[in-house]
Amino acid sequence: RRLFQPLIEKSKFIARDHTVRAFCDLYRDQRKEFPPECGDMDYERRMQAAYPIHPEIFERLYTDWSTLVKFQRTRGVLRLMAAVIHTLWQKGDRSPLILPSSVSIDDSRVQFELTRYLSDNWVPVIEKDVDGPNSLPLRLDGDFPGTFGKYSACRRVARTIYLGSAPVAKVANRGLEDRRINLGCLMPGESSAVFGDALRRLSGAATYLYQDGGRYWYSTQPTVTKLADDRAEQLKGDPDAVAREVEDRLRTDLRRTGDFGRIHPLPKSGADVPDDVDARLVVLGIEFPFTRDADSPGLAAAKAILDTRGNAPRIYRNALVFLTVDKTRLQDLDEGIRRYLAWESILGEAEELDLSPHQQKQAATQKENANSAVLARLPEAYQWLLVPTQSSPQDEITWQHFRLVGQDGLAIRASKKLRNDELLVTGLGGTRLRLELDR
């Protein structure tokens, strides 16, 4: 009835004004998160006139969808909004306003009204990346129930972007700004940070969602993200490529040696670690991860290197400590390395793949993001310091393990931990030396 009849009852005017004021207060309090015009009194009057539909819906329909040849400005809008309102009524939706993010694109009637004016290849785009039982936004909301799922943030972001970008996918200045996406999603009491995180998560994982700076849009052509996902998955069958990348990054990080005389990265056996008197750090490869149980591959490899050098027993065992990778965190590191290598390969084949300038820019951005993720995950993965200790020459060697934290390089963090716990002594004062000699 609201489509055709004005408000009459006084209680409905009070409800309208209360709702509109709450939204406008949100827009004024967080001006930087929304388009500039939302803080004006004119916009408040527009919201009152459009109530209970948000004027952003009409803005998109009359500005963007009306550019389509077959779209009828009056009948098309009425037919679409009738389907939208009917669907929300059936679902018992309790939202204070009908926003672009409220448009249930997964409903067959609503989807028909939004695709009848477009080419047929938009339907699989919606089912995969926008809305539906098997769509990426729904899956992401389910994977993060405490943040995204609580607000259906990913679905609402995806619906808003689709409504504002599908009819203008071929124009020069495509897509919605992030501030206009906030306008189509946020309600009073909600945080823009949640929807910003959802937007970043979608843009990094969606097949058909494009990004150029602060603008986002859907297209019927797959992005290079899909190609990167496929290549990252294929790299599961090439663990040597991941191991080589880890080795290169470790060697770069270990150039800063801290208090160690030398560092031995990724030895194949005890023969690769000389038997000498200076304090040294042995960094084990990812094939020897550390676990807390007795069958830890990392601990077994450390024991073998500590006991022997090649076929001979090791003499200066008190000169070695070992750095190993955490088995659980290794999975995250492996995933990050594979994504980085995938984006690197795509950029290297930009000409063969006939990538557009925008796709090359997107690939470069994603490669940089993947590189940052790997730089953060490498020290998180290589977090276990294994230290052999022996109270006297007659006692058995016991092993202590310490979790490393901090922002420094791996070797620097390890030497700081050892020095603070007096497991590595870099210098002795005269009094302390006399005490040790007397003991």
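The values are calculated or read from the model by the stated rules, or taken from the named source; none is laboratory data. Nothing here was measured: the structure is a model prediction, and the numbers come from that model. Methodologically, a virtual Cβ is constructed for each residue, glycine included, from the backbone with ideal geometry; neighbour enumeration extends over all protein chains shown. Remember, those area values only see protein heavy atoms, side chains included, never the ligands or the DNA or RNA. Shrake-Rupley method; radii C 1.70, N 1.55, O 1.52, S 1.80 Å.
Is it the case, given these coordinates, that Asp253 is open to solvent by less than 80 Å² (accessible area, probe 1.4 Å), under 30 Å from Ile346 (Cα atoms) and modelled with pLDDT under 90? No.
Residue-wise test of (1) at pLDDT below 90; (2) within 28 Å of Ala82 (Cα to Cα).
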{"position": "Gln5", "(1), (2)": "yes, yes"}
{"position": "Ala15", "(1), (2)": "yes, yes"}
{"position": "Arg21", "(1), (2)": "no, yes"}
{"position": "Lys32", "(1), (2)": "no, no"}
{"position": "Pro35", "(1), (2)": "no, yes"}
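Across the stretch 356-404, which residue is surrounded by the fewest Cβ atoms within 10 Å (Cβ to Cβ) among those that are farther than 24 Å from Glu344 by Cα and small (Gly, Ala, Ser)?
The qualifying residue surrounded by the fewest Cβ atoms within 10 Å (Cβ to Cβ) is Ser392.
With respect to (1) closer than 22 Å to Ala376 by Cβ; (2) exposed (fewer than 14 other Cβ atoms within 10 Å of the Cβ), the lone exception for Leu281 is condition (2). Does Ile286 meet the test of being out of contact with any Asp or Glu (no Cβ under 7 Å at 6 or more places or on another chain), open to solvent by less than 30 Å² (accessible area, probe 1.4 Å) and either farther than 23 Å from Ala243 by Cα or β-branched (Val, Ile, Thr) (or both)? Taking the combined requirement at face value, the residue does not satisfy it. So, of the residues in the stretch 289-323 that are small (Gly, Ala, Ser) and not in a helix (DSSP H, G or I), which turns out to be surrounded by the most Cβ atoms within 10 Å (Cβ to Cβ)? That would be Ser296.
Under the condition of being without any contact (Cβ under 8 Å) to a residue 24 or more places away in the chain, within 17 Å of Arg200 (Cβ to Cβ) and charged (D, E, K, R), the residues counted in the stretch 340-373 number 1.
Run Asp93 past the list (1) open to solvent by 20 Å² or more (accessible area, probe 1.4 Å); (2) under 20 Å from Glu190 (Cα atoms); (3) part of a helix (DSSP H, G or I) and report the number of the one that doesn't hold. Tallying (1) open to solvent by 20 Å² or more (accessible area, probe 1.4 Å); (2) under 20 Å from Glu190 (Cα atoms); (3) part of a helix (DSSP H, G or I), Asp93 fails exactly one: (3). Name every residue in the stretch 240-281 that is farther than 30 Å from Ile315 by Cβ and either touching a residue at least 12 places away in the same chain (Cβ under 8 Å) or touching a helix residue (DSSP H, G or I) at 6+ places or on another chain (Cβ under 7 Å) (or both), in order of residue number. Across the stretch 240-281, the qualifying residues are Ala241, Val242, Ala243, Glu245, Val246, Arg249. Residues that are farther than 28 Å from Asp293 by Cα, among the hydroxyl-bearing types (Ser, Thr, Tyr) and more than 31 Å from the chain's Cα centre (by Cα): does the stretch 401-415 have at least one? The answer is no, given that none of the residues of the stretch 401-415 is farther than 28 Å from Asp293 by Cα, among the hydroxyl-bearing types (Ser, Thr, Tyr) and more than 31 Å from the chain's Cα centre (by Cα). Exactly one residue among Tyr43, Tyr51 is closer than 20 Å to Val103 by Cα and either of a type in the set (Ser, Thr, Tyr) or open to solvent by 60 Å² or more (accessible area, probe 1.4 Å) (or both), and that residue is Tyr51.
Each residue in the stretch 113-137 was checked for being without any contact (Cβ under 8 Å) to a residue 24 or more places away in the chain and assigned to a helix (DSSP H, G or I), and 4 of them qualify.
The listed residues are Val171, Val157, and the only one of them that is open to solvent by 20 Å² or more (accessible area, probe 1.4 Å), among the hydrophobic types (A, V, I, L, M, F, W, C) and either within 22 Å of Lys361 (Cα to Cα) or modelled with pLDDT of 95 or more (or both) turns out to be Val171.
Only one of the listed residues (Val20, Val69, Val77) is aliphatic (A, V, I, L, M) and exposed (fewer than 15 other Cβ atoms within 10 Å of the Cβ). That residue is Val69. In the stretch 327-439, counting only helices (runs of 4 or more DSSP H) that sit wholly within it, the ones holding 1 or more residues that are under 30 Å from Ala228 (Cβ atoms) span 327-348, 357-381, 410-420.
Within the stretch 53-76, restricting attention to residues that are assigned to a helix (DSSP H, G or I) and under 16 Å from Ser119 (Cβ atoms), the residue that is nearest to the chain's Cα centre (by Cα) is Trp65.
Every residue, every condition in (1) open to solvent by 30 Å² or more (accessible area, probe 1.4 Å); (2) among the polar types (S, T, N, Q); (3) farther than 29 Å from Ser356 by Cα; (4) assigned to a helix (DSSP H, G or I), yes or no:
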position	(1), (2), (3), (4)
Gly184	no, no, yes, yes
Glu190	no, no, yes, no
Ser203	no, yes, no, yes
Pro222	yes, no, no, no
Ala228	no, no, no, yes
Glu233	yes, no, no, yes
Arg244	yes, no, yes, yes
